[in-house]
Structure formats: C-alpha cells, structure tokens
Amino acid sequence: MSFLESYAYYVGAFGLILIGLLVILVKRNLIKIIIGLSILDTGVNLFLISVGYLASGTAPIFSREGIDSGSMVDPVPQALVLTAIVIGVAVLALALGLAVRLYQNYGTLDMRKIKELKW
Amino acid sequence: MRIFLSLVVLAVIAVGIGKTLMEIPFGEDTTNVGGYYIQSGRDDTGAANIVTSVVVGYRAFDTLGEVTVLFVAAVGLGAVLAVGSASGRRRDVEPASLVLYTGCRFLFPLILLFGAYIFIHGHLTPGGGFQGGAIVASAFLLVYLGCRGRRIRHGWSKATESLGGLVFVGLGLLGLTAAGHFFLSNYLPKGTVNHLFSAGIIPIIYVAIGFKVGAELAGVIDDLVEESE
Amino acid sequence: MIILVSLLVLLMLCAAIAALVFRDLLAAVIASCVVSLLASILFYFLHAPDVAMAEASIGAALVTAIFVIALGRTRRYEE
Amino acid sequence: MVSPVLLIAVPLGLAFLVPLISLVSRRAAMLVPVVACLFNLVVAITLMPGVLDQPVVEKIGGFPPPFCINLYAGPVGVLFAALIALAGLGIAVYAMAYIRTGPVDRYHLLYLLLLVGATGVVLTGDVFNLFVFFEILCISSYALVAYMGNKSGLEASVKYLIQGAVGSGLLLMGIGLLYGQFGTLNMADIANRMGSVNQVSVFVPLALIISGLGVEAAIFPLNAWLPDAHSSAPSSISAILSGIAIEVGLYAMVRMIFTVFGATSILMFMVFLGALTLLLGELCAFAQSNVKRMLAYSSIGQIGLILFALAMATSYSVAGGLFQLLSHTLSKALLFLAAGYMIYRSGSMEISSLHGMGKRMPLTSLAFTIGAFSLVGLPPFVGFPSKFLIVRAALARQQSIFTILLGFVLLGTLIEGAYFFRVVQAIYFKKGSGETGRSYAPAVALVSMFIFAALIIFVGIYPQPVADAVGSAATELLDRAEYVRSVLQ
C-alpha cells in the first residue's frame, strides 16, 4: 500500500517536470515560459523530497520527548529543497524583471518577434 | 513539428529517469548521512528541529550561498530595472477603499509579529529565517495594496540587508578564531534542547537571515511596483 | 490516505496542464499558484513541514504576487 | 596557517558591505572588487606552495567529512582561485574607467559576487554546494549581461536565463538522483561508493549533470546562448564571462567526470564532442563580420580545444588542457578589453569600422594584436607552449584516431589564424575612412591591458613554473584514489 502511495508522489513530480519542460519548449510567450520554469522547479523539489520519504516516518523534529529517532524521515533532502525554493524564486524574480524591461523595449513578449540578434 | 520534437525529447528524458528510479529503493531507510544527522543532530547543534540543524549547522555553508543568491537576484533586479528606464516616477493611483486601508493597517503589525515568531523559533518548530522572511515581505506586499502612496525607505532596507549578511559572515569568521578553528563552527554554549535560548549561533543566524530575506523580498516587490505603476 | 494523495496529485497535474493551455496569462499564473499550493500540501504529507511552509509562503504567495505585478506592466493575454 | 575558506568568506563579507559603502559614496564601491581580488591573489599565492605537497581539506562547521561541507584546496582549486583573482583584478581595474553609466555600485557588487561564485565552485568538495555557487555565478552573469539595458542585451540575457535555468533544473535533478542512490552529497564519499552500485544506474544522473553543467560550459549543442550573451554584454563583462565563467563550468564538468563518477567510458565521446565544438566554433567565427561575435565564437572553439585535451585523460594532455585554459583566460580577456575601447572609439562593432585603428589607437591596437597572436599560438606568447603541450600529448597516445582528430584540431587553429590575421590586417594595413587623430584609452584601462599583455609575454617566455603547477594539478585531477583518501582519511 505504501508502495502505491510513494508511486503517486513520483508520478506527480515527474508529471510536473515534464509539463514544465513542455511549456518551455512549446510556448513562445515569455511570461508563459517563466510559468513553465516555476512548474519545473516545483516538480524537481517534489521529487527531491520524495527521495527522502519514509512511509511510516515522522517529521524530523524533536517537538516532544519520546519520539523515536529511527522512524524519522531523512532531513537532508528537506534542507536541499529549502535552498532550491529560494534559488528558484531568485531566478523567477530576475526573469520577470527582464520580461518587464523587454516589454518596454519591444512592445511584445512573443519570443518569435524578439529577434534583434542574428546568428 | 516543433511540438512533436519536444515530445520526443521529453519521452527520452522520462524513460531515462524512470529506469534509474527503479534502482532507488523507495521508502526504506538507506540513507547514510541523513541517519547520522538524526542520531546526533541534537547533541551536535542543540536544535530540536533537525532540518534546522542541517540547514544552519551541518550545511550552513550552503545557506550562506543561498542567502547570497537571493542578494544577487535583488541587486540584479534593481540594476536591470534601474538602467535607462523611463522615469522612475510613480503614476498617481486611485487610493484604496477605506475597508482595505483599515484592514491593512490592522493586519500589518500582526503579520510582522507572526513572521518574527517564525524565524525566532526556527530551531524549535517548523519554519526559520526564509519562511519568516517571506512572511515579513508579504506584510509589505499588503502595504502596497492598502496604502498605495507609502514607500519603504530604501536606505533602511539596504542597511538591513547588508547587516544581516555581515552578521552571518562575521559569526562564521569568528569561528575561525574561536574554539575549534573552523568556519561557521558552533562555538556558543548550546543550552538545553527545546528552550528558546539554545543551539548556540543557530538562532542568531536565523534571525539575521530573517531580517535579510524580509528586506530583500520586500525590496524586490518594491522595485517591480515602482516600475510597474 | 492513498486515495487522498492520488486525488491531490491528479488535481495538481490538472492545474499544471491548465497553466499550459490557458491563453489568459493571469489565469495561467493562478493555475501555477494552485500547483504550488497543492505541492505544499503534499510536502506536508511527506513529513516535511519546513518545506511545506516555505513552498506556501514563497512559492505560492510571493511568486504569484510578483507574477501579478509583472503582468500589470505587460500584456495580460498571450497573442 | 591561512585557511582556504578566506578566499570565499572575505570577498563575500566585502560584498555585503558594498550597499553600506554606497550609501556614503557611490564611487567608492568600485574599489571593493579590486581590494577583494588583491586579497584573494595574496591568499592563493600563500597557499600555493603548501598545497603542491599536501592538499588542504577545510571542514566547515568542524564536523568530520562526509557530514560537513568540505572545501578541497588542491593544486587545481588554488590554481583556479589564483587565476580568477588575477583575471578579476585586471578586469576590475579596467571597469573602473570603462563603466560610466547606470547604477555603477550595483555593477561592481554583481561583478564581485560573480567572482565569489566562481571561486566557490572551484574550491568546494560537495555536489550540492557546487550547485549553489554555480547559481551565484549564473544569476549574477544574467543580470550583468543586461546591464546596459539596451534591446540586444536584454534579449541575450533572457535567452541565457531560460537556458541556464533549465540547465540548473537538470543539474538539480541529477544531484537528487545521486543522493537517492548513495545517501550522501560529499564528492569523495560518492566517489568512494561509486563502485558498489550498478554502473548503468549512474548513467542517467551523469547525463543529467553533464547536460546541466554543459549549458554553462558552452559545449555543443548547448551553447546557443553564448554568442548573443558574450557579444551583447559590456566588454568588461564579456571578458570575465569568456575568461572565467565558461572555464569554471568546464572545470565543474571535468571534476564530475574524473573524480566523482570516474566515468572513463564516456571520455572518447567527450573527445569527439570537443573536436566538433572546436571546428564549429572556429567556422562560425570565420563567417562573422562583427568583432565581438567573432571573439565569442572563438571562445566556443577554444572551449572545444580545452575539452578535447582534458578528455584525452593522460597526464600530459590534462596538463596541456589546463595550460590552454589559463592562456585562453589571459588572451581572451585582453582581446575583449582592447576591443571594448576600439568599439567605443569607432562606434560600431563591425570589423570594417576598425580600419586604420592602428594609427588612431596605437596602444590598444597593440594589445589586441598581442592577444590575437597568443590565442592563435604564436611564440613567444603564452598560447604557444600550451598548444604545443596538447599536440605532443595527442601524438603520444599513438592511436590513429587521435592523430586524425588532431588533424581537425590543427585545421581549427588554421581557421582561427586566418580570421585573426584578417582583423589585424584591417587594424594596421587598411586605410580608415573617418578621422585619423590619435587617441588613447584612459590610463587605468591601459594599465589593466598592460598587466595582461605583460603576463602573456612573461609566461610565454618562462613557461616552466606554470607548467609545473599545471602538471601537479593534472595529477590531482586524474588521481581519484588520492582525492578520496585525503578527504575521508
């Protein structure tokens, strides 16, 4: 039973990763691409947390006495994801700032029309 | 054609990762490092929240880098939006309705208090500097909704950012001279687990991070709003 | 438990697909906010309360706010 | 005893100080990167003799590896740190005169953080920590590419950001898969356990990590962003991106392949990829009429050459590759810096607008010529001994496949010579159309160009000390067992 449950998490994580990549590859609108990046980030984070999951575990916090340390889930992926979320929001903020400036300069966010540079 | 190609690429990635995942045992306790952290995290760092002891204790260097990433993004956003932009003047906006205004004034201090609670208790309960900082920043978001003329004083937010970062690096460098001679080692007394004043330098660092992240995210919102109105 | 988790995952993927297909960018942004919120609930079920809090406060709230502010300065509809 | 962590912590502390300094005086902020680079250079040179004998493993937080993040200051790390500080110093001095418009304090702050990120990547001994420092490097370069706020800079920056962000997503996924299999993030610990798992199952994380890092290292076919970004950025930023950023990406990739994965099976593939990247980069550079785009494509070609040398994985070839990397950093930085003021003077990036520049800006033209000759590999400049080492290493393998590939590499060098001589000819032997009055770049910028030119000639004439250093660096990169032992002992 717990096997199926963990399977659901993986399906969710990879669904998000694939949908995010699809948005980035297919869409031409810059804001849409940035939304794709945010979905991709969420998927990667969900995947990382799923790696450390222990089906019958508890959260890694000694909030009261007598919690069995053997049943705690792995804290390392959680620390990594905390870092990854903050890095994700940093990239998104910068990307949106660039998008705003790009719109001021070109009057469009369609990447097909933004072609100042040749090869 | 483009969509077809993208789908092919995605299929390759999906199959590859799927095959590797079969190798990773799921839901079993196979971790090496994580197990050690759970066993001795409380004694090594004095924090009840093991995630905090990993984030600010064992892997504090990562966190220093993470704080820097946010700093880079805030500074970079400011640089991108500042250079050669059409006048940074704000258009006159319609003032918010009385209900919104009163509600924001009422909620603003409460949200600040909640954010501060979250980052002060980072070593005891879930949460910490980043979550608390984000909550503090959301209080400033509320200010933009409710009191549209108000601005953050840029000097203050910049100074907060700087001081937060300097406290972090300074505490780490003190570790090189204090007992142990290691960067970011926890040289302050660790106290009793589950007490507010415990875990040595961890709460100090988390409070510094909380202020820094709050000021930075509020600054990011401020930069974008200034441009966009 | 398994039914609840599957339901949440299904909802999350639907929201992600919605973010893919909506032509209205504001709607797409809200859909991606829903993805983040549901992911945050999943993090809670995965025994990661710290991450759940971070995802809810940063991923769902602040990112959406930044997106909406940026949309205010650019165009709302995908051409 | 000097600790290697100072190389990261002190510049970072100075960077956090910059907003406070700029509250007092905006111009004072531009001295901060210079001070930080001088400090780093001194620390790196002090560390150098020690680490040649015995690498320093700095445990951050004082926990034993693999439970802490450790810095690994071996010959490679310290050599790279010194190179970053040196190139960073020269370009920071140049930027004091070159960057005049916009929020100057933020420019210098971002520039310093870029150098901190690069130093962190080369020193760290932890996979996830590498990812974090890599992000510092990438995000500051996205912002700096768009610094001028013009159309082309913004467009290039957005393209770079999207590709870079997808790349770091893939990298993070690869790191997650590694953690899932080994339960640890320490490079030495992973390398130690690498033998205990099925080799097929580490292939996917390897592929993900290589493609993630390959975006920043500009390996074909992941380098679509590079010509745009390097040609649209301000010249001082092009210099640091070409001279430091892609090299650091390449270092991270090679460290992953050699030390962490010990993946000897894909080395042949990387050799081919390197030769292909080299040929394509040089051919595209040949077709350009825009000086900065030509230099950008030439960087792709050089990265291909370095990858070709490193992936042959003999101690000679790796030493040659590292030497070539060093010579590329110095030469390409000098080229971009000189090109910056020539473009400033002529107002256009077209090669045709540089006609007669030898009379109009004699010193800057001379600097450009020295850089170009060094990059092509003419004696007595630094490019000659490095290319010579690579050729000798490829012949020493005594396999026909390497000899054939070497033929392609030499063909690439010929093409490179052709387009650089075309520019030099345009500078000196073509009549300029417009004004002919003499002018000089500002003294500060000339000093920085002079430093690079002097280094190029000096190392070209006395290559021995550098050759010794890269020799022991090559030994460190190839000796996995020693790396594992010195971290985990």
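Just so it is clear, none of the values below were taken in a lab; they were calculated from the coordinates. All figures in this text were calculated on a predicted structure; none of them were measured in a lab. All Cβ positions, even for glycine, are placed from backbone atoms using ideal geometry, and neighbour counts span all protein chains on display.
Side notes on the structure shown:
- Close amide H contacts of A:Ile61 (hydrogens built in the peptide plane, cut-off under 5 Å, sequence separation of 5 or more or a different chain): B:Ile50.
- Over 16 Å [Cα-Cα, the stretch D:1-118], rounded percent: 60
- Exceeding the 27 Å Cα-Cα cut-off - candidates A:Lys115/D:Lys387; D:Lys332/D:Lys430; D:Lys159/D:Lys292; D:Lys387/D:Lys430: A:Lys115/D:Lys387; D:Lys387/D:Lys430
- Coarse-grained scattering of the stretch D:126-241 at q = 0.10, 0.13, 0.24 Å⁻¹, given as base-10 log I(q)/I(0) from a Debye sum over alpha-carbon atoms: -0.35, -0.55, -1.26
- Rg over Rh for the protein assembly as shown works out to 0.95, using Cα positions for both radii and the Kirkwood form for Rh.
- Cβ-derived FRET efficiency at R0 41 Å, D:Thr264 paired with D:Phe450, nearest 0.05: 0.40
- Other-chain or far-sequence residues with amide H under 5 Å of B:Asn194's (modelled H): B:Ala48
- Length-normalised contact order of the stretch B:180-229 in % [C-alpha pairs under 8 Å, at least 6 apart]: 20
- Note that the stretch C:45-54 has calculated 3J(HN,Hα) couplings of 5, 7, 6, 10, x, 4, 5, 4, 5, 5 Hz, one per residue in order, obtained from phi through the Karplus relation 6.51 cos²θ - 1.76 cosθ + 1.60 (θ = phi - 60°); glycine and proline are x.
- Dividing the mean sequence gap of close Cα pairs (under 8 Å, 6+ apart) by how many residues the stretch D:6-488 holds gives a relative contact order of 17 percent.
- Integer Hz, Karplus 6.51/-1.76/1.60 couplings in order for the stretch B:62-68, x for Gly and Pro: 4, 5, 4, x, 5, 4, 5
- Net dipole in debye of the stretch D:123-227 [+1 Lys, Arg Cβ; -1 Asp, Glu Cβ; about Cα centre; nearest 20]: 160
- Which of A:Ile17, A:Ile35, A:Pro60, positive extreme of dipole for the stretch A:7-119 (C-beta unit charges): A:Ile35
- Projecting the Cα positions of D:Gly164, C:Val9, D:Tyr297 onto the charge dipole of the protein assembly as shown (unit charges on Cβ atoms of Lys, Arg, Asp and Glu, taken about the Cα centre) puts D:Tyr297 furthest along the positive direction.
- Net charge dipole, the protein assembly as shown: roughly 2860 debye, given to the nearest 20, about the Cα centre with Cβ charges of +1 for Lys and Arg and -1 for Asp and Glu.
- When the inverse distances between all different Cα atoms of the stretch C:2-73 are averaged and flipped, the Kirkwood radius reads 12.5 angstrom.
- Gaussian network model of chain A, springs between alpha carbon atoms under 10 Å - residue of A:Gly20, A:Gly43, A:Gly88 with greatest fluctuation: A:Gly88
- Chain D: calculated mean residue ellipticity at 222 nm from DSSP helix runs of at least 4, using -39500 (n - 2.57): -25000 deg cm²/dmol
- In order along the stretch D:362-373, the Karplus-derived 3J(HN,Hα) couplings, from 6.51 cos²θ - 1.76 cosθ + 1.60 at θ = phi - 60°, round to x, 5, 5, 5, 4, 4, 4, 5, 4, x, 5, 5 Hz, and Gly and Pro are given as x.
- Think of chain D as having a plus end and a minus end, set by charges on the Cβ of Lys, Arg, Asp and Glu; of D:Pro65, D:Thr264, D:Phe182, D:Thr264 sits farthest toward the positive end of this dipole.
- Of all lysines in the structure, the ones whose alpha carbon falls short of 17 Å from that of B:Lys212, not counting any fewer than 8 places away in one chain, are B:Lys158.
- Bins of 5 Å, starting at 0 and running to the largest distance - Cα pair percent for the stretch D:249-314: 4, 20, 24, 19, 13, 10, 6, 3, 0
- Simple spin-label estimate for D:Thr314 and B:Leu7 in nanometres, 7 Å along Cα-Cβ: 4.9
- Here the simple spin-label model places points 7 Å from the Cα toward Cβ, and for B:Val99 and C:Met1 these points are separated by 4.3 nm.
- Fluctuation leader among C:Leu62, C:Leu38, C:Leu46 - chain C, Gaussian network, Cα springs under 10 angstrom: C:Leu46
- Net charge in the neighbourhood of D:Val5 (other residues with Cβ under 15 Å of its Cβ; Lys, Arg +1, Asp, Glu -1) is -1.
- The distance between label points at D:Ala287 and D:Leu411 comes to 1.6 nm (points 7 Å beyond Cα on the Cα→Cβ vector).
- Segment D:Tyr344-D:Tyr440, length gained on full extension (0.36 nm per residue, minus Cα span): 33.4 nm
- Once C-alpha pairs closer than 8 Å and six or more residues apart are averaged by separation and normalised to the residue number of chain C, the relative contact order reads 32 percent.
- Note on the stretch D:6-488: semi-axes of the ellipsoid equivalent to its C-alpha gyration tensor, largest first and rounded to whole Å, are 34, 26, 20.
- Compared with the rule-of-thumb size 2.2 N^0.38 Å for a compact globular protein, the stretch B:2-228 has a Cα radius of gyration ratio of 1.27.
- A Cβ-based charge dipole, computed about the Cα centre of the stretch D:6-488 with Lys and Arg at +1 and Asp and Glu at -1, lands at about 1200 debye.
- Taking Cβ atoms as reference points and 12 Å as the exclusive limit, the residues near C:Tyr44 contribute a net charge of -2, counting Lys and Arg as +1 and Asp and Glu as -1.
- Across all Cα pairs in the stretch D:48-205, the calculated P(r) in 10 Å bins from zero up to the longest distance comes to 10, 29, 32, 20, 8, 1 percent per bin.
- Per-residue ellipticity at 222 nm from helix content only, as computed over chain C with -39500 (n - 2.57) for each DSSP H run of at least four residues, stands at -24000 deg cm²/dmol.
- 5 angstrom amide H check on A:Met72, placed H, neighbours 5+ away: A:Thr58
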